[in-house]
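First the structure, in the form of structure tokens, and then the observations on it.
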Amino acid sequence: MPIDVARYHGWNGTLRGPWYSALAVTRTTLRQVFRRKVLWVLLALGLFNFLLYFALIYASTQLPRVGDRLLERMDFVVRPDAQQRNGYLRFVEQQGLVVMMLLAFAGSVIIGADFRQRGVAFYLAHGLHPVHYLWGKWLAVAVLLALVTALPALVLFVEYGLFTTDWDYWWQNRAVVSSVLGYVLVMAVVLGVLLLALGTWLHKTVPIAITWTSLLVLSGAVAGQLTRSTGNRYWLLLNLWRNVRVVGRWFFGYYPRPEDRLLAPWAALILGGLTALCAALLWWQLVRLRRWD
Amino acid sequence: MGEVPFVQMDQLTHRYGTTVALQEVSLALRPGTIGLVGNNGAGKSTLLKILLGMLRPTQGRVQVFGVPLRRARDQLRRRFGYMAEATAVLPLLKGVEYVALSGQLYGMTRRQAFRRAHEVLGYVGLGELRYRRVDEYSRGNLQRLKLAAALVHDPEVLLLDEPTNGLDPPGREAMLALLHDLIGQGGKSVLLCTHLLGDVERLCRHVVMLDRGRVIYDGPLAPLLQGQQGQWELRWRGPGEPWLAWLRNQGVQVQPSQNNHQAAAVVVLPTDWDTRRLFQSALEHQVVIQSLVPVERNLESVFLQLARSSPAPPRSEELPAQQLAEVADDAD
């Protein structure tokens, strides 16, 4: 191909700081994720669940007798009741399962490929500190998570409010918003850092998915078996996914099982330790790569 | 080269564990075209990484545009554009998105970055391929893409790490033509890091040679390539031995050589000699001079000669303990 011999033109403009550039890391990562068709299948699964509840809430406002019965059968409480039952918690936890699968398959695109194909060096050679890079990547995970959990949950909350004429609903249930956001933040911090750490070490989709599933699902099976055989409920703390749920429920103040309230501080401690460990491993990998790549 | 240096290094040392990558490097890189040459493992990439702020030197001072390296992150982002040797493949991105991402990472807004990406991709000749995915680009086009990514924010200095490595001859020519245009019309300063010394000869006026972590030459290129004053390669026909003996008696340095089974030698004429006197003496000795050409050297031979004559650096264990104990905090 012949060279375009057009004159070189300069550019004048103000450049923004590296924290702004971290947002470009986030945008690019999300763009890469949404270009993987297989991930759209999982997103569609989450969307399907959302549409189901959306339709049920609509039915409960327009056809109260049928709709309320359906919601009751689904054990979905639109207005948190005296027993603190909360349908949005249930919805976020269901969506959380989709998130778990989504992140298992997206880990390679989000960060693994950067380590495998010198993407990290590309980012850091633009004057970004590893902190900016990691912030951008974590933000991408958080946005992805919020898109599947927090955003649809809040849409359902708003939907019910819009289809009823009860103005007190907004004020009385305002805590739903902060509870949903708090729960999702816990998921984003723990799952985000864990995924980034796994991605930097394992790089490819299959190893990441296997390890991710082992940590979040297999640990649950092991914990359940140990609890049943010993009768000691503290073995449940081995179940990382359950720990996330137990800590997340703290924002809703609702624990179906009383012992979960007792286990919550320990679960938070374990998740905090795990997150700190993953963050340290992540940092170590980045520094090592910066030196040798 | 009287301008203020854009990079000033003073006694720069960098170590990876016990391996010394750079040792007491002192350089002042001024605006212009500078070739950074050396064998594999000479310390070129380490030097570039330090300049980019990706590595903190073990010891020594580095200033970028007069600012200590640690506080120069903004200067680096604004005024340096880096083209890496290895291509970072960001999966599923298109060419224009790759370049625009580079612009955004340097600090441009999204809109500015995309507008500018289209412009520079046109300039480097990838206008028609900008919507193709990066992992579908050929090697030559990838090199151009990386150059566009380095140019997107219009930096003053381009740090180019092996820009022609792995290219076929037409691709190499095209890349060199682009760089030549950028240096000439674009007014860019270029630090060209390569082991292809022909590229340096084509583009650079100043050269820094590294060997085993040490600077073995830092200066203008032209004097290196000029042969020794009065050095000629000579071929003749006829009885050469008496003539050569006579020349030696007259103070001419004669180094006989065999060239295609012809009588040949390299001669160094005394300063008060000119070539007419050489022809005159040949005529007197019944020798016919067939060719007489000035000896020109290339950068490769000069580099090898300098590398051979430079002393081997001390092994890491031989470095003074105090030097090893210096922490990076003192680096700048």
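Give me the percent of DSSP beta bridges within chain B that run antiparallel, rounded to the nearest 5. Please report the intermediate quantities before stating the final value.
On the way: 40 of 59 bridges.
Looking only at bridges with both residues in chain B, the antiparallel portion is about 70 percent.
Would you mind counting up the charge near A:Leu139? Only other residues with Cβ under 14 Å from its Cβ, with Lys and Arg at +1 and Asp and Glu at -1.
Working: positive: A:Arg27, A:Arg31, A:Lys137; negative: none.
Local charge sum for A:Leu139: +3.
Relative to the compact globular guide of 2.2 N^0.38 Å, what is the alpha carbon radius of gyration of segment A:230-293, as a ratio? Could you put the intermediate results ahead of the total?
Details: Rg = 16.1 Å, N = 64, 2.2 N^0.38 = 10.7 Å.
Output field value: 1.51.
How many Å³ per residue does the convex hull of the Cα positions in segment A:1-158 occupy?
Values: hull volume 32.8 nm³, N = 158.
Dividing the Cα hull volume of segment A:1-158 by its residue count gives 207 Å³.
Separation of segment B:236-305 and segment A:89-147 by C-alpha centroid, Å?
Taking the Cα centre of each part, segment B:236-305 and segment A:89-147 sit 70 Å apart.
Can you list the aspartates and glutamates whose alpha carbon sits under 14 Å from that of B:Lys94, skipping same-chain ones fewer than 8 residues off?
Leaving aside aspartates and glutamates fewer than 8 places away in the same chain, those within reach of B:Lys94 are B:Glu128, B:Asp135, B:Glu136.
In Å, what Rg and Dmax follow from the Cα atoms of chain B?
Final numbers for Rg and Dmax: 24.9, 79 Å.
May I ask for the net charge around A:Val176, where only other residues with Cβ less than 13 Å from the Cβ of A:Val176 are counted and Lys, Arg are +1 while Asp, Glu are -1? Show your work: numbers first, answer last.
Values: positive: A:Arg79, A:Arg85, A:Arg90, A:Arg174; negative: A:Asp81, A:Glu159.
Charge balance in the 13 Å sphere: +2.
How many angstrom lie between the Cα centre of segment B:70-107 and the Cα centre of segment B:1-33?
So the two Cα centres are separated by 23 Å.
Note down, for segment A:85-139, the three equivalent ellipsoid semi-axes (square root of 5 times each alpha carbon gyration tensor eigenvalue), biggest first, whole angstrom.
Numbers: eigenvalues 212, 39, 4 Å².
They are 33, 14, 5 Å, listed largest first.
When all protein chains stay in place, what accessible area (Å², nearest 10, 1.4 Å probe) is found for A:Met187?
0 Å²
Starting from the Kirkwood Rh over alpha-carbon pairs, what translational D in µm² s⁻¹ does chain A have by Stokes-Einstein at 20 °C and 1.002 mPa s?
101 µm²/s
Can you sort B:Trp236, A:Trp284 by solvent-accessible area, 1.4 Å probe, largest first? Don't jump to the answer; show the numbers that get you there.
Working: B:Trp236 20, A:Trp284 140 Å².
The ranking, largest first, comes out as A:Trp284, B:Trp236.
With the calculation restricted to Cα positions, what are the radius of gyration and Dmax of segment B:140-189 in angstrom?
Every Cα atom of segment B:140-189 included, Rg and Dmax give 10.4, 29 Å.
What are the lysines whose alpha-carbon lies under 20 Å from the alpha-carbon of B:Lys44, with same-chain residues fewer than 8 places away excluded?
Those lysines meeting the cut-off are B:Lys146.
Using the Kirkwood radius built from alpha carbon pairs, what does the Stokes-Einstein equation give as D for segment B:115-250 at 4 °C and 1.567 mPa s, in µm² per second? Let's see the in-between values first.
Details: Rh = 18.2 Å.
Answer, rounded: 71 µm²/s.
Would you tell me the mean number of C-beta atoms belonging to other protein chains that fall within 10 Å of each C-beta in B:168-175, as a whole number? Walk me through the intermediate numbers first.
Details: counts 0, 0, 1, 1, 0, 1, 3, 1.
Mean shielding by partner chains, rounded to a whole number: 1.
Averaging sequence separations of C-alpha pairs under 8 Å and six or more residues apart, then dividing by the length of segment A:177-274, give the relative contact order as a whole percent. Working shown, then result.
Values: 86 pairs, mean separation 30.5, N = 98.
Relative contact order for segment A:177-274 comes out at 31 percent.
Tell me, what is the Rg over Rh of segment B:27-118, with Rh the Kirkwood radius over Cα pairs?
Numbers: Rg = 15.5 Å, Rh = 15.3 Å.
Rounded to two decimals, Rg/Rh equals 1.01.
Would you mind calculating the relative contact order of chain A from Cα pairs under 8 angstrom and at least 6 residues apart, reporting the percent as a whole number? All intermediate terms of the calculation are to be shown ahead of the outcome.
Values: 317 pairs, mean separation 62.2, N = 293.
For chain A, the relative contact order is 21 percent.
How big is segment B:204-296 by Rg and Dmax over its Cα atoms, in Å?
For segment B:204-296, the Cα radius of gyration and maximum Cα-Cα distance read 16.8, 54 Å.
Using the C-alpha gyration tensor of the protein assembly as shown, what are the square roots of 5 times its eigenvalues, in whole angstrom, with the largest one first? Please list the in-between numbers first.
Numbers: eigenvalues 933, 136, 79 Å².
Gyration-tensor ellipsoid for the protein assembly as shown: 68, 26, 20 Å.
Using only the alpha-carbon atoms of segment A:1-60, report the extent along each of the three principal axes, biggest first, to the nearest angstrom.
Principal extents (largest minus smallest coordinate, Cα): 65, 35, 18 Å.
Local charge sum around B:Ser310 (other residues, Cβ-Cβ under 9 Å, Lys/Arg +1, Asp/Glu -1)?
Details: positive: B:Arg212, B:Arg214, B:Arg308; negative: B:Asp211.
Overall, the nearby charge balance is +2.
Order A:Thr275, A:Thr211, B:Thr13 by their accessible area, 1.4 angstrom probe, all chains in place, largest first.
Numbers: A:Thr275 25, A:Thr211 45, B:Thr13 5 Å².
If we order A:Thr275, A:Thr211, B:Thr13 from most to least accessible, we get A:Thr211, A:Thr275, B:Thr13.
At B:Gln262 and B:Arg30, where each label point lies 7 Å from the Cα along Cα→Cβ, what is the point-to-point distance in nanometres?
The answer from the label model is 4.3 nm.
I'd like the antiparallel share, as a percent to the nearest 5, of DSSP beta bridges with both residues in the protein assembly as shown. Present the calculation step by step, with values, prior to reporting the outcome.
Numbers: 40 of 59 bridges.
Of the beta bridges lying entirely in the protein assembly as shown, close to 70 percent run antiparallel.
What would the Debye formula give as log10 I(q)/I(0) at q = 0.22 Å⁻¹ for the alpha-carbon point model of segment A:127-275, no solvent?
-1.36
Would you calculate, for the protein assembly as shown, the mean residue ellipticity at 222 nm contributed by helices, counting each DSSP H stretch of 4 or more residues as -39,500 (n - 2.57) and dividing by all residues, to the nearest 500? It would help to have the intermediate numbers written out before the result.
On the way: 26 runs with 333 residues, N = 625.
My calculation for the protein assembly as shown gives -17000 deg cm²/dmol from helical runs alone.
The values are calculated or read from the model by the stated rules, or taken from the named source; none is laboratory data. On a predicted model such as this, the values are computed, not experimentally measured, just so you know. Quick reminder, even Gly has a Cβ in these numbers, built from the backbone with ideal geometry, and neighbours come from all protein chains shown. When the accessible area is computed, the model is the full protein with side chains, heavy atoms only, and any ligands, DNA or RNA have been set aside. Shrake-Rupley method; radii C 1.70, N 1.55, O 1.52, S 1.80 Å.
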